[in-house]
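Engineer: Okay, handing you the structure first.
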Amino acid sequence: MLDTMDYAQVYESAEADGRVISGQLGSWDISSLIMDVQARGLRVEAEMERRTGGAGPTDSGMLWIEGYPVTAPTGNSTSQDSPYLLKAEDDGYGIYRGMLRVASARAERRPRFYDLTTADGISYEKIALLHLDSLASTVVQTCAYWGNADQCTFCGIGVSLESGRTIVKKTPEMLAEVAVAAKELDGAVDATLTTGSSRGVDRGARYVAKCGQAVKEASGLPVEVQFEPPLKLDVINEVGDMGIDSVGIHVETFDPQVLARVAPAKAASGIESYFAAWERAVAVFGEGQVSTYVILGMGEDPEITIAGAKRAIDLGVYPFMVPLKPVAGSLMENWPSPSREYVEPIYRRVQAYMSMRGMDATTAKAGCARCQACSGLASLEPRKNSITPLQITDRQSFLKGNS
């Protein structure tokens, strides 16, 4: 298989002696491209919606690459040196590497509901954001672990609040109002609500579920809520009774040594507490409606990671694997993002096991596993995994199509 640099070398050698290139030069694997763009970022010469600063997919552009949702670094030092460039075209966008157009793309513009305010003057944009087609909000923008020895090193929940881009607590009524507008004005298809952890028995699950219930009742959108394992597992049943569709209970890493380093409070609870919570959640919400974030690139052992993912899959839990995207202002802001060469073998082995067990990204009704933009997993599913191979018939048409 030829990669982009192979194409460039073939073209340059042909140009040097005037030869005409014809026929197929090979195929470009869309999965590999998405993973590489997520690792190396994207330079931008086109208007697009970007998230800057704070938690979530921060300092990232939000776009579709060959129909796949993708968040990729666009506003940090990584993207400045990226070999990939997003250009506006007559009909949509193209992603280029040098002279070569390697993929088509579609970028989002600023959502219309961002320009609205509540009756008491709070901007809708401070209440919830649109991540491509998914409405997302951190309903309580504080965490019991922030600013002390228990702080998760990858997290930026406090950065968003300090920057003034959000408010400390969103009410169910606010979120319901914004959800209706996001659906009607910008086509939101689901809602993902998360929260900072509390010291209470429920870890904040009851309040985020109450917000999710209000969003679903007002807008009809399917809703995922995310929370830490509650001290009493019956809280998970209470969340189910509120009509929530999906839940995210995020372990972050299956490697216990890494968990102790990056998330001390979670490590103190123990990885087994997550498996117990997942088992109860699957019983309440069903297989494929429970997910966990698994961040790659924090020094974890790949074999421990894959084994943990398989065990979660066997329970009916979707392991939503993402590359580390360091958040400015977090304790890991200077940590490097993992390369495509590191994440791709892990993705492929985990996805193959999911396929064998009948699990895929179409199962989840709402949430990160439904959206998939921060991961490369969905692009590996056997639906559409290659771009039409590049063909060059003559120098003029090549330059015209790729200038």
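Engineer: Using the structure shown, decide if residue 192 is touching a Ser or Thr at 6+ places or on another chain (Cβ under 7 Å), closer than 30 Å to residue 274 by Cα and either in contact (Cβ under 8 Å) with a residue 12 or more places away in the chain or small (Gly, Ala, Ser) (or both).
Structural biologist: In short, yes.
Engineer: Now for a different question. Write out, first by first residue and then by second, each pair whose Cβ atoms fall under 6 Å of each other, whose residues are 6+ apart or on separate chains, and whose first residue, in segment 250-272, is of a type in the set (Gly, Ala, Ser) while the second is part of a loop (DSSP other than H, G, I, E, B).
Structural biologist: Going by the 6 Å Cβ cut-off, the qualifying pairs are 263/152; 265/145; 265/150.
Engineer: Something else now. Got a number for residues in segment 325-337 being touching a strand residue (DSSP E or B) at 6+ places or on another chain (Cβ under 8 Å) and crowded, with 22+ Cβ neighbours inside 10 Å? Talk me through it step by step, then tell me what you get.
Structural biologist: As a first pass, look at segment 325-337 and keep what is touching a strand residue (DSSP E or B) at 6+ places or on another chain (Cβ under 8 Å): 325, 337.
When the remaining residues are screened for being crowded, with 22+ Cβ neighbours inside 10 Å, the result is 325.
Matching residues across segment 325-337 total 1.
Engineer: Quickly run through segment 62-84 and pick out the residues that are touching a residue at least 12 places away in the same chain (Cβ under 8 Å), of a type in the set (S, T, N, Q) and more than 16 Å from residue 45 (Cβ to Cβ).
Structural biologist: Across segment 62-84, the qualifying residues are 71, 76, 78.
Engineer: Right, another one. Are any of the residues in segment 250-261 at pLDDT below 95 and touching a strand residue (DSSP E or B) at 6+ places or on another chain (Cβ under 9 Å)?
Structural biologist: So the first thing to find is which residues in segment 250-261 are at pLDDT below 95, and the list is none.
No, segment 250-261 contains no residue that is at pLDDT below 95 and touching a strand residue (DSSP E or B) at 6+ places or on another chain (Cβ under 9 Å).
Engineer: Another question, if that's okay. Can you go through 118, 78 and tell me which one is among the polar types (S, T, N, Q) and farther than 25 Å from residue 333 by Cβ?
Structural biologist: The conditions single out 118.
Engineer: Run residue 147 past the list (1) farther than 30 Å from residue 258 by Cα; (2) part of a loop (DSSP other than H, G, I, E, B) and report the number of the one that doesn't hold.
Structural biologist: Here residue 147 meets the rest and fails (1).
Engineer: Whether any residue in segment 158-173 is modelled with pLDDT of 95 or more, assigned to a helix (DSSP H, G or I) and out of contact with any Pro (no Cβ under 7 Å at 6 or more places or on another chain) is what I want to check.
Structural biologist: There is at least one residue in segment 158-173 that is modelled with pLDDT of 95 or more, assigned to a helix (DSSP H, G or I) and out of contact with any Pro (no Cβ under 7 Å at 6 or more places or on another chain).
Engineer: Restricted to segment 41-62, and to residues that are farther than 21 Å from residue 293 by Cα and not in a loop (DSSP other than H, G, I, E, B), which residue is modelled with the lowest pLDDT?
Structural biologist: This residue is 50.
Engineer: Out of the residues in segment 203-218 meeting the condition of being assigned to a helix (DSSP H, G or I) and small (Gly, Ala, Ser), tell me which one is nearest to residue 184 (Cα to Cα).
Structural biologist: My answer is 218.
Engineer: On to the next question. Would you please name the residue that is surrounded by the most Cβ atoms within 10 Å (Cβ to Cβ), looking only at residues in segment 80-106 that are in contact with a helix residue (DSSP H, G or I) (Cβ under 8 Å, 6 or more places away or on another chain) and in a strand (DSSP E or B)?
Structural biologist: 102
Engineer: Which condition breaks for residue 194 when tested against (1) of a type outside the set (A, V, I, L, M, F, W, C); (2) over 27 Å from residue 217 (Cα atoms); (3) within 18 Å of the chain's Cα centre (by Cα)?
Structural biologist: If we test residue 194 against (1) of a type outside the set (A, V, I, L, M, F, W, C); (2) over 27 Å from residue 217 (Cα atoms); (3) within 18 Å of the chain's Cα centre (by Cα), just (2) comes out false.
Engineer: Still on this structure, please answer the following. Considering only segment 86-116, state which residues are modelled with pLDDT of 95 or more and either under 16 Å from residue 35 (Cα atoms) or among the aromatic types (Phe, Trp, Tyr) (or both).
Structural biologist: If the condition is that a residue be modelled with pLDDT of 95 or more and either under 16 Å from residue 35 (Cα atoms) or among the aromatic types (Phe, Trp, Tyr) (or both), then 113, 114 are the ones that fit.
Engineer: Test residue 151 against the criterion of being in contact with a Pro (Cβ under 9 Å, 6 or more places away or on another chain), of a type in the set (S, T, N, Q) and under 21 Å from residue 324 (Cα atoms), and give yes or no. Spell out how you get there, then give the answer.
Structural biologist: Numbers: in contact with a Pro (Cβ under 9 Å, 6 or more places away or on another chain): yes; of a type in the set (S, T, N, Q): yes; under 21 Å from residue 324 (Cα atoms): yes.
Here the answer is yes, as residue 151 does meet what is asked.
Engineer: Restricting attention to segment 361-374, does a residue exist that is more than 30 Å from residue 216 (Cβ to Cβ) and assigned to a helix (DSSP H, G or I)?
Structural biologist: First, the residues of segment 361-374 that are more than 30 Å from residue 216 (Cβ to Cβ): none.
No, segment 361-374 contains no residue that is more than 30 Å from residue 216 (Cβ to Cβ) and assigned to a helix (DSSP H, G or I).
The values are calculated or read from the model by the stated rules, or taken from the named source; none is laboratory data. Remember, it's a predicted structure, so these values are computed and weren't measured experimentally. Don't worry about glycine lacking a Cβ; one is built from the backbone with ideal geometry, like all the others, and counts go over all protein chains shown.
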